[in-house]
Amino acid sequence: MQRPHDSQEQAPRLHSSALRRVLAVCAAVAVLLLLALGTWQLFRLQWKLDLMEKVDTRVHAKPVAVPEPAQWAQVNAANDEYRHVTLSGVYLPEYTTRVQATTDLGSGYWLLTPLCVQKQSHAGTDSGAAQSSHIVIINRGYIGQEAAKRLPAPAATSAGKALCATVADRAPVTLTGLLRMPETGRAFLRHNDPANHRWFARDVAAIARARGLDGALVAPFFVDAAAGQESAVGDEALRPVGGLTVISFTNNHLVYALTWYALALMAAGAFIWVARDDQRRQRRKNNNEHHH
């Protein structure tokens, strides 16, 4: 027959055993979760390395034609950012927007100028050749703060779809550069202020609206012009310096993976230590009870 004090002693033991099982399950879940996070970071590391390799290939590849309006919907950062492109057209310097920039040359501005790109098309033997135009905003390069003060204030247009037709007699240019996706309207906690001509981010859509350009005709990306493509005509101090694109990627995934794996190892080690310590305590308790 079981004695009353035996039942009283068994209850705390059952309670302690159940608690240990719950803690063991929690520890196992924590370790598995930490291992999963570490493995996920390794996948992210491989993705980042592949992206960096693709970008490097794009940058150093022969330039290809800039995407046309029919292709704009498919342009994205993963497949097109930093693609080496070429295009021809007519600059609209009066609609240039200055965006604040910090480069190796100092603090100043990027000069973003619309370029009317004309595509020749044939509508039939009788109608002859017709021209359709769209606009790609070109980051012509960097200009210092003092030189920028001598530039005229940017204009706003009301010409709409007819804008490119009004400048058809201007000298065309052909340039190469890197395709860039637009930046958001916020940079380093500073918002673009179009009304006062203060720009901190290269937000293509906002710049097009501020200049009065027809948004449907403006490409949803811009092009960083390569170095040495500005005309030697005019004041050299007012010519922007191109080719200053900085290509850098934050790649801390390996550090994150090692951190998660280290935490998993620590969690597993802590649980094993606690379990062994609990077993030692239980053995000492059983030995004391046996001697008594």
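Arranged from highest to lowest average of other beta-carbon atoms within 10 Å per residue, in what order do the peptides 61-70, 259-268, 134-143 appear? Walk me through the intermediate numbers first.
Values: 61-70: 13.4, 259-268: 16.2, 134-143: 24.1.
Descending packing order for the listed peptides: 134-143, 259-268, 61-70.
Between residue 216 and residue 184, what's the calculated FRET efficiency when r is the beta-carbon distance and R0 is 22 Å? Round to 0.05.
Details: r = 21 Å, r/R0 = 0.96.
FRET efficiency, residue 216 to residue 184: 0.55.
Determine, from the Cβ-Cβ distance of residue 159 and residue 103 and an R0 of 41 Å, the FRET efficiency 1/(1 + (r/R0)^6), rounded to the nearest 0.05. It would help to have the intermediate numbers written out before the result.
On the way: r = 33 Å, r/R0 = 0.81.
Between residue 159 and residue 103 the formula returns 0.80.
Points 7 angstrom from Cα along the Cβ direction at residue 22 and residue 48: gap in nanometres?
Here the modelled spin labels are 3.9 nm apart.
Which net charge results for the neighbourhood of residue 252, defined as the other residues with beta-carbon distances under 11 angstrom from its beta-carbon, given Lys and Arg at +1 and Asp and Glu at -1?
On the way: positive: 44, 48; negative: none.
So the surrounding residues net to +2.
What does the charge add up to near residue 65, with Lys and Arg as +1, Asp and Glu as -1, over the other residues with Cβ less than 15 Å from its Cβ?
Numbers: positive: 58, 62, 83, 119; negative: 68, 80.
My count for the surroundings of residue 65 gives +2.
Could you work out how far apart the two model spin labels at residue 79 and residue 166 are, taking each label as a point 7 Å from the Cα in the direction of the beta carbon, and quote it in nm?
So the label points at residue 79 and residue 166 sit 3.6 nm apart.
Once the Cβ-Cβ distance between residue 193 and residue 65 is put in as r, and R0 is 35 Å, what FRET efficiency do you end up with, to the nearest 0.05? Kindly include the intermediate steps, with their values, before the conclusion.
Values: r = 35 Å, r/R0 = 1.01.
Approximately 0.50, to the nearest 0.05.
Of the listed peptides 21-30, 219-228, what is their order by residue-averaged count of other C-beta atoms within 10 Å, with the highest listed first?
Numbers: 21-30: 12.6, 219-228: 20.2.
Put in order of decreasing packing, that is 219-228, 21-30.
Quick one: which residues, 5 or more positions from residue 183 or on another chain, have an amide H under 5 Å from its amide H? H modelled 1.01 Å from N in the peptide plane, none for Pro or chain starts.
Residues meeting the amide H criterion: 202, 203, 204.
All of the numbers you see were taken from the coordinates with simple rules; none came from a lab. The structure displayed is predicted, hence computed values, not measured ones. Because the Cβ atoms are built from the backbone with ideal geometry, glycine has one as well, and the counts that use them run over all protein chains shown.
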